[in-house]
């Protein structure tokens with residue numbers, strides 16, 4: 001007790017310290033006894049205050065989720081306070097502002113702003129994001145103080161929370177799961193560690209660990225619909241030129257943290273495999289792009305954490321290549337298992353994190369620096385990362401010129417897949433089902449009706465009367481007359497042409513929001529996509 | 001794999017050595033908590049997944065097994081009579097639509113054609129439910145199938161007409177009941193034979209509904225041409241249990257053909273003249289289906305036998321329910 005009281009006075013000093021990675025970090029040490037405990041208390045109070053926001057008050061479960069999170073923090077704080085008073089121990093902060101945290105946070109923040117401008121739920125999610133940040137900070141602080149004297153205060157939790165929310169968030173009625181997911185991420189960071197290069201460090205990227213773990217649970221329990229995961233994965237492309245935007249953001253991160261080999265290799269492998277598949281089978285591998293936008297995001301921001309990826313150049317190269325292969329393989333595997341394919345980019349990251357030591361060890365025998373930086377003997381003064389970046393810029397530029405990024409993609413066209421399915425091309429019928437399922441989920445009544453018919457007829461999929469009736473009911477409730485008629489007379493199947501709203505949903509072509517597009521332009525676009533009725537309609541209107 | 005990176009709390013190197021086992025124990029406990037957390041999440045998500053929209057709850061369960069006078073609690077809450085509440089409507093013609101010279105409250109969409117006020121329609125023999133489908137009957141369906149429902153659909157007592165169901169919900173109930181009646185040994189023999197011969201349990205067409213409501217003598221209301229209090233639930237604040245009104249003069253002895261809840265039909269809303277072969281080829285417009293009979297919330301004009309309402313197939317409403325028909329192949 002006596003020493004506790006003695007230490008209650010504040011001492012602080014401010015210095016600039018070089019971090020292990022060589023980048024500059026502002027460090028301020030604050031020593032104290034129990035007074036620092038006021039900080040998480042303030043965070044919990046702020047969390048409670050945020051819960052009073054109308055956005056959170058509009059849903060009772062959401063409000064209670066916030067209150068429960070705040071109460072949990074306060075209870076934990078109370079227990080810690082009592083235990084520290086009894087033992088006379090003290091707690092302190094060390095303020096360390098690491099560039100890899102705040103630069104990544106700024107990059108993620110700009111992505112939220114851009115994406116949210118085109119998909120409003122992101123902005124509606126703002127207060128929930130603030131709540132998660134408050135919870136994450138207080139959880140991280142209390143977890144650290146429960147185990148040691150000092151907590152390193154900086155921007156660390158921000159990229160973790162942003163990263164989680166760029167891929168998955170729970171719907172309001174289950175939002176308490178979001179807090180649990182955050183807790184799991186920080187616990188994984190704290191408790192799942194290994195010895196690497198003489199230091200005990202966490203094995204998993206905290207956000208990827210939480211996302212991976214919860215993805216497995218969501219898949220196993222078939223509860224993906226309790227989250228916004230599917231929408232998040234598909235709405236990134238509502239923002240125009242999203243690939244270029246992500247590419248530019250990626251360059252910022254690449255410049256500062258030398259992650260070009262990881263991200264660039266992953267992208268090149270995915271582009272390559274995708275092209276190879278198309279050349280072999282005649283149909284695209286991914287439905288809506290050469291690399292789905294969310295995967296492109298993942299390879300820039302999810303696998304590039306320096307502390308959970310290999311440190312050697314060749315190791316980074318292998319890590320990126322394995323990520324590309326992993327996503328490519330998982331996409332098919334998940335599709336075969338009937339699981340939403342957007343989990344592909346999340347599930348392989350923890351496995352790759354587990355393999356970094358093995359990767360580094362495997363490439364150690366090779367002269368990896370010399371192999372990856374072959375130009376070094378000629379241009380000694382050029383930073384290797386800049387050369388890697390230059391190569392990546394050329395590759396991405398070429399892909400863009402070939403229309404493989406933000407441009408139109410064959411796989412986005414339903415008539416293409418209908419024809420491919422009719423021609424019996426590889427996997428095309430299952431892709432057609434997948435595409436129609438996505439559009440039906442977006443409330444395209446036409447797509448729901450077509451799906452219902454597939455399950456009713458059983459030509460391209462195992463017949464399932466219940467599923468068929470479910471899709472037809474959905475089509476009908478969306479006021480698609482053919483769907484209603486099919487419900488009444490399932491023996492005489494009725495097809496209908498997509499309505500204007502269906503076209504606006506189905507012709508986004510991996511990017512634009514078509515809700516305001518003039519009808520004539522819409523039909524012209526539909527005609528380009530192979531919708532014959534739209535071409536006829538255009539001709540008739542001349 | 002689970003030890004700590006930093007020294008122990010508040011101590012020096014020696015204290016650190018002394019408390020290292022405690023730190024390792026703490027890490028192990030943390031690992032266990034993490035495992036418990038994940039297990040809890042998995043189990044909870046499993047439960048939540050089942051809940052999805054709204055699955056049968058205790059109330060539905062209770063309603064489906066509750067005994068109500070005149071209904072069979074142990075047989076899908078169907079009416080306790082030889083044909084399970086189905087009333088035969090003999091084949092023959094009837095007058096459809098409204099003649100404004102007789103019915104001053106007639107709406108424009110009840111006119112047969114530009115040149116004709118009413119039309120004569122001939123229907124074959126069919127059966128129609130004496131009562132509207134009840135909360136108890138619908139609860140039995142929900143309980144058996146897990147069909148999603150709004151809590152308000154099952155919040156009333158089991159003998160009330162079910163409401164807050166969509167057109168597609170109503171059809172799903174019909175399909176389910178058809179299979180139940182085909183499979184059950186308790187189905188009256190005559191009814192089972194009809195079903196085996198290809199008859200279907202479904203919603204009535206608007207012609208089937210109108211003939212059952214006004215008979216073959218062209219009445220304005222099920223009981224005659226004059227509005228009478230005490231024969232139907234209209235102009236009130238809530239629905240009433242089915243068959244609450246004693247109406248001996250009502251066509252075919254049916255209950256609540258006027259008022260209580262609007263009744264969904266399987267006819268698309270389109271201009272008269274009515275054809276027995278509804279035009280299902282015109283699929284371009286938005287779906288809108290005919291509902292008949294008016295509801296407790298309506299005034300006298302809307303509970304006439306010829307009134308035609310239109311409803312989106314996805315709409316759920318306190319005032320909209322349905323009635324069954326058994327129709328030939």
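The values are calculated or read from the model by the stated rules, or taken from the named source; none is laboratory data. Values in this document were obtained by computation on a predicted structure and should not be read as measured data. All Cβ positions, glycine included, derive from the backbone under ideal geometry; neighbour counts span all protein chains shown.
Couple of notes before you dig in:
- Residue match in the stretch A:185-192 (condition: crowded, with 23+ Cβ neighbours inside 10 Å, within 14 Å of chain B (Cβ to nearest Cβ), free of Cβ contacts under 8 Å to residues at least 24 places away in the same chain and part of a loop (DSSP other than H, G, I, E, B)): no
- The set of residues from the stretch A:229-242 being surrounded by fewer than 20 Cβ atoms within 10 Å (Cβ to Cβ), out of contact with any helix residue (DSSP H, G or I) (no Cβ under 7 Å at 6 or more places or on another chain) and under 18 Å from residue A:343 (Cβ atoms) comprises just one member, A:231.
- Within this structure, residue B:174 passes the test of being modelled with pLDDT of 95 or more and either away from chain A (no Cβ under 14 Å) or closer than 25 Å to residue B:317 by Cα (or both).
- Test: residue in the stretch A:514-527 that is in a helix (DSSP H, G or I), within 25 Å of the chain's Cα centre (by Cα) and closer than 24 Å to residue A:246 by Cα: no
- When each of B:329, B:313 is tested for being in contact (Cβ under 8 Å) with a residue 12 or more places away in the chain, in a loop (DSSP other than H, G, I, E, B) and in contact with a helix residue (DSSP H, G or I) (Cβ under 8 Å, 6 or more places away or on another chain), the lone residue that passes is B:313.
- When A:485, A:539, A:493 are checked against the criterion of being modelled with pLDDT under 95 and either under 32 Å from the mean Cα position of the chain (by Cα) or over 30 Å from residue B:148 (Cα atoms) (or both), A:539 stands alone in meeting it.
- Counted residues, the stretch B:242-256 - those being out of contact with any strand residue (DSSP E or B) (no Cβ under 8 Å at 6 or more places or on another chain) and either under 27 Å from residue B:152 (Cα atoms) or in a loop (DSSP other than H, G, I, E, B) (or both): 6
- From B:60, B:15, B:27, B:52, residue being at pLDDT below 85, surrounded by 17 or more Cβ atoms within 10 Å (Cβ to Cβ) and within 14 Å of chain A (Cβ to nearest Cβ): B:27
- Qualifying residue in the stretch A:329-342 (condition: in a loop (DSSP other than H, G, I, E, B), in the same structural domain as residue A:289 (by TED's automatic domain parsing) and at pLDDT 90 or above): no
- The residues of the stretch A:198-211 that are under 13 Å from the mean Cα position of the chain (by Cα) and within 11 Å of chain B (Cβ to nearest Cβ), listed by number, are A:209, A:210.
- Residues in the stretch B:100-127 that are under 30 Å from residue B:192 (Cβ atoms) and not in a strand (DSSP E or B): B:124, B:125.
- Yes/no for residue B:46 being in contact with a helix residue (DSSP H, G or I) (Cβ under 9 Å, 6 or more places away or on another chain), within 14 Å of chain A (Cβ to nearest Cβ) and either modelled with pLDDT of 70 or more or surrounded by 15 or more Cβ atoms within 10 Å (Cβ to Cβ) (or both): yes
- Scan of the stretch B:140-182 for residues that are closer than 26 Å to residue B:199 by Cβ and touching a strand residue (DSSP E or B) at 6+ places or on another chain (Cβ under 6 Å), ordered by number: B:161, B:162, B:167, B:170, B:174, B:177, B:178
- Scanning the stretch B:292-329 for residues that are surrounded by fewer than 20 Cβ atoms within 10 Å (Cβ to Cβ), over 15 Å from the mean Cα position of the chain (by Cα) and within 14 Å of chain A (Cβ to nearest Cβ) turns up B:310, B:329.
- Being under 30 Å from residue A:239 (Cα atoms), modelled with pLDDT under 90, touching a helix residue (DSSP H, G or I) at 6+ places or on another chain (Cβ under 9 Å) and exposed (fewer than 15 other Cβ atoms within 10 Å of the Cβ) is not true of residue A:369.
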